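Below is one structure, written out as structure tokens, with a few remarks after it.
The values are calculated or read from the model by the stated rules, or taken from the named source; none is laboratory data. What you see is a predicted model, and the numbers here were worked out from it, not measured in a lab. Quick reminder, even Gly has a Cβ in these numbers, built from the backbone with ideal geometry, and neighbours come from all protein chains shown.
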């Protein structure tokens, strides 16, 4: 199988890496700006995954992987994952006709920031655990409940909200998906920052009335769509994690070459060389699994796709933590300094490790599925 990038993909990688070149980022720095978001739109990054007939570029998971890895290297805080990958996935796979074209066009132009409000306090990582209610009326639906840890939910213009329209909590059937205007009556948001400084929000919906046309997909059968888009999001997140780990490795090797002790660079000591080599091995393992998750993100078999993505998330979570710990230790005291950029990378890696389920959660999923079945065709 050929893993080489095409000329167009290499050009995309080079351009995005220049755009997202790392700066002296801090965990408490401003999260993101609409101005830079518009710049992404002008370069076509926001149109990347949408079909050409919907105003996009018609590219796929590999190009998303390239962009996300570059964003990981540069600690880009703009809502690319939440708007283009997750909300964009819900638009591409769940919306039909004119609605899909309109929403895709608004995202691609940078005029619309959207996010997915799905997680609830008691749900942990179970996608089918939805308690927010959707009560059917003559006009449409009335939504009641609270969503937590909504990425970039503080400044999103549009919310994709999962709600239970029928059935009991934890049941796979009965979950519906709705498009909700973030400024709608009854929607309140409490903003806060996550551990790495990424903006999040708790969103409360009190008797929020939405028309029947706001339903995305088939009412009561939204869970397969949610699972599909979540798998795509995890694959993209794995690519971002590789960018973060790559930068931590590069910073550590550079530090070992310049920091002197006893009149010589500390990188000359064999014990530290071994630890740097272990970091590089962990990085390449993670990179391989991120590529595999990208390949499997569009697999038509939901069971194989989910297992492959979970296996990648296990490797990413464990290897990312290992690389982060080694990087901080090999930097010594400076590695614990908030003003030093390494700390921001370590915090982002920690947040990535928890998003959509930690390594232990995904390891249980892989084990329950009977292990990973690699495709060789």
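Could you check the stretch 103-118 and list, in sequence order, the residues that are surrounded by fewer than 18 Cβ atoms within 10 Å (Cβ to Cβ) and assigned to a loop (DSSP other than H, G, I, E, B)? Give the steps one after another, and end with the answer.
Here is the first cut: in the stretch 103-118, the ones surrounded by fewer than 18 Cβ atoms within 10 Å (Cβ to Cβ) are 105, 109, 111.
Result: 111, single match.
Among the listed residues 288, 310, which satisfies the condition of being surrounded by 20 or more Cβ atoms within 10 Å (Cβ to Cβ) and modelled with pLDDT of 95 or more?
The unique qualifying residue is 310.
From 341, 348, 364, grab the single residue that is surrounded by fewer than 19 Cβ atoms within 10 Å (Cβ to Cβ), touching a residue at least 40 places away in the same chain (Cβ under 8 Å) and out of contact with any strand residue (DSSP E or B) (no Cβ under 8 Å at 6 or more places or on another chain).
Numbers: 348 fails: surrounded by fewer than 19 Cβ atoms within 10 Å (Cβ to Cβ); 364 fails: touching a residue at least 40 places away in the same chain (Cβ under 8 Å).
Only one candidate qualifies: 341.
crowded, with 17+ Cβ neighbours inside 10 Å, more than 25 Å from residue 221 (Cα to Cα), touching a residue at least 40 places away in the same chain (Cβ under 8 Å) and in contact with a helix residue (DSSP H, G or I) (Cβ under 7 Å, 6 or more places away or on another chain) - does that describe any residue in the stretch 77-87?
Looking only at the stretch 77-87, we keep the residues that are crowded, with 17+ Cβ neighbours inside 10 Å, and these are 77-87.
Okay, now just the ones that are also more than 25 Å from residue 221 (Cα to Cα), so 77-80.
Checking the rest, the ones that are also touching a residue at least 40 places away in the same chain (Cβ under 8 Å) come to 77-80.
Right, trim to in contact with a helix residue (DSSP H, G or I) (Cβ under 7 Å, 6 or more places away or on another chain) and you get 78, 80.
Yes, the stretch 77-87 contains at least one residue that is crowded, with 17+ Cβ neighbours inside 10 Å, more than 25 Å from residue 221 (Cα to Cα), touching a residue at least 40 places away in the same chain (Cβ under 8 Å) and in contact with a helix residue (DSSP H, G or I) (Cβ under 7 Å, 6 or more places away or on another chain).
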